[in-house]
1. Report the extension gain between residue 400 and residue 62 in nm, rounded to one decimal, defined as 0.36 nm multiplied by the number of residues separating them, less their alpha carbon distance.
2. Based on the mean of other beta carbon atoms within 10 Å per residue, what is the order of 108-117, 352-361, 256-265, 175-184, most packed first?
3. Rounded to whole Å and sorted largest first, list the principal axis extents of the Cα atoms in the stretch 153-303.
4. For the chain, modelled as a Gaussian network with Cα springs under 10 Å, which listed residue fluctuates most, 102, 76, 51?
5. Starting from the amide H of residue 158, placed 1.01 Å from N in the peptide plane, find each other amide H under 5 Å away whose residue is 5 or more places distant or on another chain.
6. Only Lys, Arg, Asp and Glu count, each charged at its Cβ (+1, +1, -1, -1), so figure out the dipole size of the stretch 213-334 about its Cα centre, rounded to 20 debye.
7. Hey, could you grab the Kirkwood Rh for the stretch 280-370? Inverse mean 1/r over distinct alpha carbon pairs, Å, one decimal.
8. Taking only DSSP H segments of four or more residues, each worth -39500 (n - 2.57), what value at 222 nm results for the chain once the sum is divided by all its residues, to the nearest 500 deg cm²/dmol?
Amino acid sequence: MQRRFPRPWEIRRLVKFRKFIWNGKVRRLSRAMTIEDLRKLAKKRTPKGQFDYVEGGSEAEITLQRNLDYFQKVQFSPHVLRDISAIDLSSQLLGEATDLPFGFAPTGYTRMMHVAGEVAVSSAAAKAKIPYVLSTMGTTSMSELANEVKHGNNWFQLYLWKDREKSLKFLADARSAGVETLVLTVDVPRTSRRLRDVRNGLTIPPTITLKTFLNTLTRFGWLKDFLSTEPLTFASFADYHGTIADLSNSMFDPTNTFEDLKWLRNEWSGNLVIKGVQRSDDVRKAIDAGVNAVWLSNHGGRQLDRSPSPMELLPEMISRFGEEIDFYVDGGITSGADIVTAIALGAKYAFVGRAYLYGLMAGGEAGVDRAIEILRTEMMQTMIFLGASSLQELTPDLIHPRSH
Ligand SMILES: Cc1cc2nc3c(=O)[nH]c(=O)nc-3n(C[C@H](O)[C@H](O)[C@H](O)COP(=O)(O)O)c2cc1C
């Protein structure tokens with residue numbers, strides 16, 4: 001073998017160094033390739049109490065884990081030799097055109113995770129042409145959001161109050177903020193026990209531990225933002241006089257029944273979605289009460305522990321009621337492949353909670369943009385290799401849930 005001196009210019013032609021990005025946030029986010037990467041960034045930048053509030057579930061967190069495990073067990077059965085030169089992820093949802101088959105689920109206290117809060121999340125959703133559901137427990141009001149995000153497809157999530165006048169006031173506010181779709185969450189008859197929050201002292205009212213306090217001091221960026229912006233308030237209850245404990249007791253009404261759902265149906269002429277249903281007899285009652293869609297959910301494993309992943313319920317619900325009503329699903333979605341699975345098994349739409357909150361905590365609105373981009377890229381990749389070029393081509397035969 002003949003040897004020669006290495007020629008640096010030949011090496012230079014072969015190796016191209018990555019350009020250094022001077023803006024730290026842009027650099028960090030551009031390197032995040034998965035929602036798990038965003039989660040790790042979020043964990044570094046957010047105080048433990050707030051991070052655990054997002055990540056945690058109720059009791060032993062069995063359901064929280066089940067939601068995630070379901071998707072790990074899915075197997076795909078791909079088509080080959082199909083024209084996948086153009087992939088279309090768009091669809092129609094309650095009369096609105098959307099560019100992607102997932103939206104952002106309601107999450108309370110969003111400004112506690114990052115000061116950019118609901119406005120950042122809604123604005124990222126508007127750019128991507130997907131819906132965002134503002135929570136009753138939001139830290140930005142409906143009117144503020146409508147002013148800040150002019151072209152957003154903003155829905156509103158309601159808890160039915162004991163005090164019907166208050167519920168009516170929410171409906172009036174929603175109407176005047178241009179909200180067309182109301183989501184009634186029905187899986188919170190009372191607050192649940194989230195043990196991470198109890199341990200961290202992130203309870204109502206807060207009883208912060210010294211450890212939690214000291215940890216907050218190490219998240220300097222978060223602390224600076226928190227102390228130099230408007231204090232955190234529940235936007236919907238700015239005029240509420242009483243303790244936060246009183247507030248949650250009067251809000252989560254354990255006396256609600258399907259009669260109250262019928263009452264709401266009469267009062268609200270826009271779209272009505274029921275969120276948190278897990279049984280087919282309840283689906284039947286909800287359809288009979290006149291809802292426009294059923295959102296299968298276990299609240300991201302934050303309410304009744306040991307309930308199943310909504311994905312496990314989906315096939316039976318579709319076979320029984322699929323001709324009558326649309327189903328949405330959420331819980332444990334951390335990848336575009338998970339969304340593809342949900343759509344293939346018959347969901348009209350999927351929703352994510354923590355996935356976008358990790359983006360928000362990792363880098364404000366740019367972080368939420370990144371979360372959307374990651375999910376979109378993963379969906380495209382999955383569909384290319386499944387041989388499906390549109391959402392209509394995502395059919396149940398593409399999925400084989402594994403039994404082990
Ligand atoms: C931090 C946090 C706050 C939430 N707050 C609400 C809420 O105010 N109202 C509601 O209906 N659901 C709420 N949820 C549940 C979500 O809407 C959604 O059902 C759940 O997050 C989906 O699971 P995933 O986080 O695994 O995607 C919350 C979830 C999280 C993580």
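Read-outs: derived from the displayed coordinates by stated rules, not from any lab. None of these values were measured; they are calculated from a predicted model. Every residue, glycine as well, gets a Cβ built from its backbone with ideal geometry; the counts of neighbours run over all protein chains shown.
1. Working: separation 338, 0.36 × 338 = 121.68 nm, distance 2.32 nm.
Contour length minus Cα-Cα distance gives 119.4 nm.
2. Values: 108-117: 21.6, 352-361: 27.7, 256-265: 15.9, 175-184: 19.4.
Highest-to-lowest ranking by the protection proxy: 352-361, 108-117, 175-184, 256-265.
3. Reported extents, whole Å, longest axis first: 52, 34, 30.
4. 76
5. 183, 184, 185
6. Values: 11 positive and 18 negative charges, 71 e Å.
Approximately 340 debye in magnitude.
7. On the way: mean 1/r = 0.0707 Å⁻¹.
Computed over the stretch 280-370, the radius equals 14.1 Å.
8. Values: 18 runs with 185 residues, N = 404.
Per the formula, -13500 deg cm²/dmol.
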